Amino acid sequence: MALSKNVMKVQPSATLAMSAKTKEMIAKGVDVINLSIGQPDFVTPKYIQDAAIAAIRSGKTSFYTPASGLPELKTAIGQRIEAETGVHYDNKQIIATTGAKFALYLIFQVILNPDDEVLLPAPFWVSYAEQVHLASGQPVAVKTTGAGHKATVEDLEQARTSKTKALVLNSPQNPSGLIYTKEELTAIGNWAVAHDILLVSDEIYSNLVYNGNQFVSAVSLGETIQKNTLLVTGVSKTYAMTGWRMGYVLGDAAIVKAMGTVASHATGNPTAVSQYATIAALSGSQADAEKMRQAFEQRLNLLYPKIQSLPGFALAEKPQGAFYLFPNVKQAVALCGYSTTEAFVDALLEEANVAVVPGRAFGQPDNIRISYATDQASLDEAYRRIAAFIQAKSSTEA
Ligand SMILES: Cc1ncc(COP(=O)(O)O)c(C=O)c1O
């Protein structure tokens, strides 16, 4: 039985594959430090857990909810987004989904016709291209020339064709941690409007911003850009809620309605208990989220200079948000006698027991992604192991 053409184009998630391999080694008793993870290492704050437990006990989580989410959840989402961006959305412009990942999946399902193109400035998050394939679209990796892997209007213009339907921008960006400035975003937003290209703005890391850097939401740049933008975000990263699977989209009411229709035939509503937990997360005190943000900031500040100092690692731009470092390791790979980044990453895992993700899945094969969503002692030890690995390998090579 042949699989569908769309499915045959899809690669399994490289980040999940690396995590699975790492977990397998850990289960066998190997002391692996896992820096391949894309989720906070904290548990969900207690006030959110408590609200979820109370919701279960009340009995109201036993039932289906509207496929696009409870009205009171949409109101809580709208209020939080208004507080953060200054933009008001009506409930009919809001949909809650089973994670931001499924939100993006639904967007491509409802906007793409076969062979419509979606621009993905590289490096880009691993799932975008595969989700575009699953919607019969054509992902187009855009070579970026702006500071630290950011796309410029010229980069996008080079990639634009008559089939370009949408552009996905991710700021703060996974994996580079960089943030688009107001000027950069405005130029791109205006370009998208001028060419009738929908801007899909993935702002899932918008609350994880460090060292006084400023996050700018694409929807805060005036009505024209805002109307041409779908804002995608969720609670996974800000509130340490990856397992609860809750994301949301705010934007054009007709697109949001179509997404709800597709969701109603796919997952149905996002899990009811997660919806109640999300209402608590968004409406309660943001103090716990801030504490986690500060912990990430501290880790970044300690780890960045160390990673920069590794022989053959290049990382000129300090990440401003998210929880990843994305150094170019081309020279380190050569120094250690490997011909590909993948071979270097495999050896790092098997011989030094440190797991990172090769950059190819993000569209940048000379880089690796290092997550600092783990405790400081593990980060210190991982640095020590990587440094020792490079020293041992490079002296053998020399
Ligand atoms: C850039 C980006 N967008 C979206 C997501 C999806 O988040 P979730 O489905 O957990 O809400 C992730 C998760 O890793 C991500 O890194």
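Of note:
- Screening PRO123 on (1) more than 16 Å from the ligand (Cβ to nearest atom); (2) crowded, with 22+ Cβ neighbours inside 10 Å shows it passes everything except condition (1).
- Members of the range 29-69 that are within 10 Å of ALA272 (Cα to Cα) and of a type in the set (S, T, N, Q): THR61, SER62, THR65
- Test for ALA332: is it more than 19 Å from THR15 (Cα to Cα) and open to solvent by less than 10 Å² (accessible area, probe 1.4 Å): yes
- Test: VAL209 is among the β-branched types (Val, Ile, Thr) and under 15 Å from the mean Cα position of the chain (by Cα): yes
- Tallying residues that are open to solvent by 10 Å² or more (accessible area, probe 1.4 Å) and at pLDDT 95 or above within the range 150-170 yields 14.
- Filtering the range 56-72 for residues that are within 30 Å of ALA253 (Cβ to Cβ) and touching an Asp or Glu at 6+ places or on another chain (Cβ under 9 Å) leaves an empty set.
- Restricting attention to the range 271-305, the residues that are within 23 Å of ILE56 (Cβ to Cβ), in a loop (DSSP other than H, G, I, E, B) and not small (Gly, Ala, Ser) total 1.
- When THR396, THR340 are checked against the criterion of being among the hydroxyl-bearing types (Ser, Thr, Tyr), surrounded by fewer than 21 Cβ atoms within 10 Å (Cβ to Cβ) and modelled with pLDDT of 95 or more, a single residue qualifies: THR340.
- Positions within the range 176-234 being among the hydroxyl-bearing types (Ser, Thr, Tyr) and open to solvent by 30 Å² or more (accessible area, probe 1.4 Å), in sequence order: THR181, THR186, SER220, THR224
- When restricted to residues that are β-branched (Val, Ile, Thr), closer than 17 Å to LYS92 by Cβ and within 16 Å of the ligand (Cβ to nearest atom), the range 230-258 contains 1.
- Breaking point among (1) away from the ligand (no atom under 15 Å from the Cβ); (2) of a type outside the set (Phe, Trp, Tyr); (3) surrounded by fewer than 24 Cβ atoms within 10 Å (Cβ to Cβ), for THR271: (1)
- Taken as a whole, the structure leaves ASP155 outside the set of residues that are in a loop (DSSP other than H, G, I, E, B) and away from the ligand (no atom under 13 Å from the Cβ).
- So GLY222, is it modelled with pLDDT of 95 or more and near the ligand (Cβ under 10 Å from one of its atoms): no
- Which numbered condition GLY177 fails, given (1) farther than 25 Å from GLN11 by Cβ; (2) part of a loop (DSSP other than H, G, I, E, B); (3) modelled with pLDDT of 95 or more: (1)
The values are calculated or read from the model by the stated rules, or taken from the named source; none is laboratory data. Just so we're clear, the structure is a prediction, and the values are computed from it rather than from any experiment. Ideal geometry is used to build each Cβ from the backbone, glycine not excepted, and the neighbour counts take in all protein chains shown. What goes into the accessible areas is simple: the full protein's heavy atoms, side chains included, and nothing from ligands, DNA or RNA. Shrake-Rupley method; radii C 1.70, N 1.55, O 1.52, S 1.80 Å.
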